[in-house]
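Trainee: Take a look at the following structure, please.
The values are calculated or read from the model by the stated rules, or taken from the named source; none is laboratory data. Model, not experiment: these values are computed from the prediction. Methodologically, a virtual Cβ is constructed for each residue, glycine included, from the backbone with ideal geometry; neighbour enumeration extends over all protein chains shown.
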Amino acid sequence: MTAVGAARITSAQQARTVAAQLATEFAVDAAHRDRDRALPFAEIGTLAASGLLAVTVPAAHGGADLPPSEVAEVVRLLAVADPNIAQIPHSHFVYVNLLKLAGSADQQRRYLTGVLDGAQIANAQSERGGATIADIATTVRPLADGQQFRIDGVKYYCTGSLFADVLAVLTKLDDPEGTSGLPPGQYVAFLPADTPGVRIVDDWNGLGQRTTGSGTVSFEGVVVDRDQLVARTAAVDAPTAYGASAQLLHAAIDAGIARGALTAATDFVRDKSRPWFEAQVARAIDDPLLIQRFGELAVTVTAAEAALVAAGVAVDAAVDAPERVADASIAVASAKILADRAATEVSSALFEVSGTRSAADDLNLHHFWRNARTHTLHDPVRWKYQHIGRTLLHGTPPPLHGVI
């Protein structure tokens, strides 16, 4: 794992302060990076060097061991400035959490030490071609000695892979003879991004989140050692806060987009918009209908942010209390619904309240809507309504599949 001499963050307040400082810096050229699809290598390097990527490392390994709520606030602050940069480390935090929940002591020491030094983990998880996204075709097969394994497969939407030191590769054990001695199931292989047989392709062409490095990664005859494999079952097949923590960060990104879009709309109307003649006012900001609409949008954003805070509290409480995991998942589902709604509504309403001038392509104000529309596709909120309703009416807990 690559060390970049990262700073050490020791408290939640320090993490928030650093995140706010970086957000101010990253916001300056965010629209230009999006317009030109200029990948934020320098910015991600700055993020890694800041120590923010290590805030969830346990204290026993030298980290701040911040709770999920604080990580969500860090991500939200970054997303207000540039949701691309905020999404890139999402998988990093998810797989650090996997190591904490399911990694051996040696694996934790090995990989978390690298994270403390600034190393970045990216996902290689999603696939195409299966009946659903839950079907994993990428295999990990034992070699003759039983201590090494071969990985073959292709992954898509590998956010952050272009910037990563380590890839976390979701695989399915293919060992019908049981020669490895490992139980069947899914395993995450942690391997250096430059491992022979790994090919990272910069082919992400989404309409939004253009600079997240979410391209294709292929694995052909990639050899890994046994101690690079972490069984996923301990995190996703038991009541843990693993899924809720991951979804909380997605909600934080959407809430950040909503706040960023509202701020951009406010600034534009104050500085550039002309009033509609029927309002009979000298300034657009004095139009009573605009004032009303901004009030409505502000409530929408504030509600999403409040739900995010409440969900963070619920997830924090569930980290060491399995009996609270279901409540945490429902709280996060509610927050994700509100953040999804806020991000898409406010980023669209930006043009409604700002007027024709705001549609000029060179301003690239549409990057808020494109980012919101793209990121909110990550997992459908319609199923979150289902889980909330079933829990309320039937008393049945949400499923343990890691995406609620």
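Trainee: Does A328 satisfy being touching a residue at least 60 places away in the same chain (Cβ under 8 Å) and aliphatic (A, V, I, L, M)?
Mentor: yes
Trainee: So, in region 92-114, exactly how many residues are outside any helix (DSSP H, G or I) and surrounded by fewer than 20 Cβ atoms within 10 Å (Cβ to Cβ)?
Mentor: Total satisfying the criteria: 1.
Residue by residue, here is whether (1) touching a Gly at 6+ places or on another chain (Cβ under 7 Å); (2) closer than 17 Å to L229 by Cα; (3) touching a residue at least 12 places away in the same chain (Cβ under 8 Å); (4) not hydroxyl-bearing (S, T, Y) holds:
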{"residue": "R35", "(1), (2), (3), (4)": "no, no, yes, yes"}
{"residue": "P40", "(1), (2), (3), (4)": "no, no, yes, yes"}
{"residue": "L47", "(1), (2), (3), (4)": "no, no, yes, yes"}
{"residue": "A59", "(1), (2), (3), (4)": "no, no, no, yes"}
{"residue": "N84", "(1), (2), (3), (4)": "no, no, yes, yes"}
{"residue": "L99", "(1), (2), (3), (4)": "no, yes, yes, yes"}
{"residue": "D106", "(1), (2), (3), (4)": "no, yes, yes, yes"}
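Trainee: Could you list, in sequence order, the residues of region 196-231 that are surrounded by fewer than 20 Cβ atoms within 10 Å (Cβ to Cβ) and among the charged types (D, E, K, R)?
Mentor: If the condition is that a residue be surrounded by fewer than 20 Cβ atoms within 10 Å (Cβ to Cβ) and among the charged types (D, E, K, R), then R199, D202, D203, E220, D225, R226, D227 are the ones that fit.
Trainee: Only residues that are over 17 Å from the mean Cα position of the chain (by Cα) and under 23 Å from I291 (Cβ atoms): list them for region 364-383, please.
Mentor: L365, W369 - these are the residues of region 364-383 that are over 17 Å from the mean Cα position of the chain (by Cα) and under 23 Å from I291 (Cβ atoms).
Trainee: Conditions: (1) modelled with pLDDT under 95; (2) crowded, with 22+ Cβ neighbours inside 10 Å. A328 meets all but one. Number of the miss?
Mentor: Failing condition for A328: (1).
Trainee: Determine whether L53 is hydrophobic (A, V, I, L, M, F, W, C) and farther than 16 Å from R16 by Cα.
Mentor: no
Trainee: Which one of A54, A23, A15 is in contact with a Gly (Cβ under 6 Å, 6 or more places away or on another chain) and surrounded by 15 or more Cβ atoms within 10 Å (Cβ to Cβ)?
Mentor: On inspection, the qualifying residue turns out to be A54.
Trainee: Quick one: what pairs do we get from region 144-163, first residue in the same structural domain as Y187 (by TED's automatic domain parsing) and at pLDDT below 95, second part of a helix (DSSP H, G or I) and among the charged types (D, E, K, R), C-beta under 6 Å, 6+ apart or different chains?
Mentor: Every condition considered, the pairs that remain are Q147/R226.
Trainee: If you go through region 137-171, how many residues are surrounded by fewer than 17 Cβ atoms within 10 Å (Cβ to Cβ) and either under 24 Å from the mean Cα position of the chain (by Cα) or in a loop (DSSP other than H, G, I, E, B) (or both)?
Mentor: 6
Trainee: For L350, indicate whether it is of a type in the set (A, V, I, L, M), buried (at least 23 other Cβ atoms within 10 Å of the Cβ) and in contact (Cβ under 8 Å) with a residue 12 or more places away in the chain.
Mentor: yes
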